[in-house]
1. When residues of the stretch 299-349 are filtered for being at pLDDT 75 or above and under 27 Å from the mean Cα position of the chain (by Cα), how many remain?
2. Where the second residue is open to solvent by less than 80 Å² (accessible area, probe 1.4 Å) and assigned to a loop (DSSP other than H, G, I, E, B) and the first is within 14 Å of LEU44 (Cβ to Cβ) and lies in the stretch 60-81, which pairs have Cβ atoms under 8 Å and are six or more apart or on separate chains?
3. Applying the selection to the stretch 600-652, what residues are of a type outside the set (Gly, Ala, Ser) and assigned to a loop (DSSP other than H, G, I, E, B)?
4. Do you know which residues across the stretch 260-273 are surrounded by 19 or more Cβ atoms within 10 Å (Cβ to Cβ) and either aliphatic (A, V, I, L, M) or over 17 Å from GLY175 (Cβ atoms) (or both)?
5. Filter the stretch 458-473 down to the residues that are touching a strand residue (DSSP E or B) at 6+ places or on another chain (Cβ under 7 Å) and open to solvent by less than 10 Å² (accessible area, probe 1.4 Å), then identify the one that is farthest from SER119 (Cα to Cα).
6. Any idea which of (1) in contact with a Gly (Cβ under 8 Å, 6 or more places away or on another chain); (2) over 18 Å from VAL480 (Cβ atoms); (3) surrounded by fewer than 16 Cβ atoms within 10 Å (Cβ to Cβ) is the one VAL407 doesn't satisfy?
7. Which of the following residues is in contact with a Phe, Trp or Tyr (Cβ under 6 Å, 6 or more places away or on another chain) and farther than 30 Å from LEU105 by Cβ: ILE161, ILE171, ILE183, ILE152?
8. If I filter the stretch 135-157 for residues that are under 30 Å from MET19 (Cβ atoms), surrounded by 14 or more Cβ atoms within 10 Å (Cβ to Cβ) and without any contact (Cβ under 8 Å) to a residue 24 or more places away in the chain, do I get at least one hit?
Amino acid sequence: MPAPGNKPKNLLHTLRELMAYLGRHKLLFLAVAVLVTISAVANLVGTYMIRPVVDALAAGNYDAFVKNILLTAAIYCVGVLATFGYTQTMVHAGQKVLVDIRRDLFAHIQTLPLRYFDSRSRGDIMSYFTNDVDTVAEAMNNSFAMVIQSFIMIVGTLTMIFILNWQLSLIVVVGYAVMFAYISFSTRRSRRYFQKQQAVLGELDGYVEEMVTGQKVVKVFNHESANVAEFGDKNEQLRVAGTGAQAYAASMIPAVVSISYVNYAIVAAVGGWMAITGATDVGALASYLVFVRQTAMPINQFTQQSNFLLSALAGAERVFAAMHEKPEVDEGRVRLEQTGRGSWVWRIPGGWGIGAWGSLVQVADGGTNGGGGTNGDGVVSCTPAALEAGAKVNATARGVDGTLLAVGALPLRGDVRFHDVSFGYEPGHEVLHGINLFAEPGQTIAFVGSTGAGKTTITNLINRFYDVQEGEITFDGINVKNIEKDSLRRSLGIVLQDTHLFTGTIAENIRFGKLDATDEEVRAAAKIANADSFIRRLPQGYDTMVTSDGANLSQGQRQLLAIARAAVADPPVLILDEATSSIDTRTEMLISRGMKQLMEGRTTFMIAHRLSTVRDADAIMVLDHGRIIERGTHDELYALGGTYWELCQGLKELD
C-alpha cells in the first residue's frame, strides 16, 4: 500500500487541474464511468438473483428456476463485457492524459530560466517525469475505475442488504463501523512510519547515486569497504522504518477480512434462526449472506485505491507546481535575420526605433528622415547624439519626443558594451559591482582573475541567462533586453567550461550547434577545432556513438567536440569559457590556428587561465571580487607589475 501520509497539500486545487486534463478526453472517461457503473450494477443484481433462483428451486418450479439461471448468466455476461470495455477504454484514456501531461511539463520546463535549474537538483527535476508521472499513470490505469466501482459496490451492497433484511443489516452496519475504525487507527499509526521511510529512502537513493557517479574517486582512495559499511547503516534504518510502516498497513486487509468473517458468522447464525422461525425466506437469506460475504472486498479495494489516488494526486501536485513556475521572460522585439553566409542584421519592428541606451521608442509618424542603405559601418552607439553626429544606419526617423532614432535594420557588427552593470544571483549579495567595458567589432576580450571573481557571470549576462539588476548591456547599440532571447543566443557561439555531450553520434553532437548542418559543414567545423583527426581514428568515425555524457571519450576530446559544435553554428560573437581548460599543451598548440580562424572577424569573449591563451587578446580585464581592477593589453598590464603580473607568474608555472 502507498504511504497514507503522502497526500496533496491542496487536494481540491490539484483535483481541479487533473480534471481539466481529463476533460480533454471527456467522452472516453464518460464511457468508462458508464461501463464501470454497468459492471458494478450487474454484479449487485447478479448476486440478488440468488434469491429467486433458490426460491424457485425450493418451490419445485423448475421452469422459473431455469429462466432465473439464464437471466443471471445474461446479467453476468453483460457485466463481463462492461468490465472488459472499461478496462480497455481506461488504458487508452489514461495514456492520452499522460501524454498531455508529459508533453506540457517538458515544454514548460524548456521555458524556465536557468535560475530554476540552479536552485534544484537534477534528480528532483527528473522525478517529475519518473516517480510523479508514473504514480499518476498507475492511478489512471488501475485506481480511477476501481474506486468508482468499489464505491458503487459499497453503497449498492448496503442498499441491497437493507432491502433484503433490515434487522440483520443493523448487525452488518456495526461490523462496517468496526472495519472503518480499525482502518482509521492503522492509517494514523502507520503515517509517521511511512514519512520516516520516505525520508530514509531518499537519503539511501541519493547515497547510491553519489557513490555510483563517483566510482573512480572511490576506487582511487580505496573507499569501498567504508562505503559498504555506510550503506549497510542506511539500509538498516530503511528496514526499521519500513517494518514499522508495513506492519500496520499490511494488517488492514487481514483485519478487515477477519472482521467480515466474524460478521458473516453472526449474521448467518441469526439469519438461520430467522429462517427457521419464518421471519425470512430461504432465498432472501441465501442472497443476503452472499452480499455480507462480499462486503470486505469493496471496502479493501476502496481503501487501497483511495490511498493510491491520494498518492497520485500528491505526485500530480508536484508536476502542476512545476508547470506553474514562471517561464523565462522575453520582452524583446528586435529579431536577428541572416542575409547571407556570415551576414546578419537586427530587424527592428515596424513603428519602433532604437533610441538612447538601446531603448525601443515609438516612431512619431512611421516615416524615415534621412535614409540610406546599410553599409559596413553599422551603428557605434544609438544615442541621439551619436545619430546626430552621422552614425550610419539603415534608416532614421524621429521619435515621439523629436529625437533621432535608428529604424528598419541594423547590421550585426558585434559591438558589446556594459554600462555600469551590477548583478547578484541572490538579492542583497552582489557578484558584480559597476562593471563598465566595451568590445568593439572583431575584438577579443579576455577575462582573468581568481576563482569567483565574476568572469563567468559576465558571460552569463551577455546571453541573458540572467538579467542585470542595475545598468544596461547593449549589443550593437541595442539593449539586450529589447532583443528576442532566441535571436540573441543565436548570435552567440558558446563553449562552456563544463562540456555536455548528448547520447548520439559524434556528428549529431557537432550538429547540435546547427541542426540543418550538412556533413561537409560538420567535418569543416571539426577541422577548425582540430577534432577531425581523432574522430577519424574512432571505430565508426563520425558515426561513433557517444554515451553517458561522452564517457567513452577523453576530457580533451569532449572539449574539442564542444568547440566544433560552436564552429558549425558560425556565430557572429563567441564566448569561450575555459574552452581549452581540459586540453593538454600539445593539443592546445594544434588547435590554436583553428581557434584563430574561428575567431577571425568575430567579437570574442574569452575566459582563460593560460598565459598563451590570453596573451594575444586585444584587451584583458582583470577582475577581483566582481570589479575590474586592471584593463589593457598583455604588455601594458605586465609592465604595471600589479595583479595581472602576479597572475602571470602563476600562469607561467602552470604552463
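The values are calculated or read from the model by the stated rules, or taken from the named source; none is laboratory data. All values derive from a computational prediction rather than experimental measurement. Virtual Cβ from ideal backbone geometry, glycine too; neighbours counted across all protein chains shown. Protein only, heavy atoms only, side chains kept; ligands, DNA and RNA dropped before computing areas. Shrake-Rupley method; radii C 1.70, N 1.55, O 1.52, S 1.80 Å.
1. So the answer is 21.
2. THR72/MET49; ILE75/MET49
3. Let us first name the residues in the stretch 600-652 that are of a type outside the set (Gly, Ala, Ser), namely 600, 602-607, 609-611, 613-616, 618, 620-625, 627-631, 633-638, 640, 643-649, 651-652.
Residues satisfying the conditions are GLU600, ARG602, HIS609, ARG610, ARG615, ASP616, ASP618, HIS625, THR633.
4. Within the stretch 260-273, VAL267 is the sole residue that qualifies.
5. ILE473
6. Of (1) in contact with a Gly (Cβ under 8 Å, 6 or more places away or on another chain); (2) over 18 Å from VAL480 (Cβ atoms); (3) surrounded by fewer than 16 Cβ atoms within 10 Å (Cβ to Cβ), only one is false for VAL407: (3).
7. Details: ILE171 fails: in contact with a Phe, Trp or Tyr (Cβ under 6 Å, 6 or more places away or on another chain); ILE183 fails: in contact with a Phe, Trp or Tyr (Cβ under 6 Å, 6 or more places away or on another chain); ILE152 fails: in contact with a Phe, Trp or Tyr (Cβ under 6 Å, 6 or more places away or on another chain).
Exactly one residue qualifies, and that residue is ILE161.
8. Step one: list which residues in the stretch 135-157 are under 30 Å from MET19 (Cβ atoms), which gives 135-157.
Adding the requirement that they be surrounded by 14 or more Cβ atoms within 10 Å (Cβ to Cβ) leaves 135-154, 156-157.
This time we only want the ones that are without any contact (Cβ under 8 Å) to a residue 24 or more places away in the chain, so: none.
There is no residue in the stretch 135-157 that is under 30 Å from MET19 (Cβ atoms), surrounded by 14 or more Cβ atoms within 10 Å (Cβ to Cβ) and without any contact (Cβ under 8 Å) to a residue 24 or more places away in the chain.
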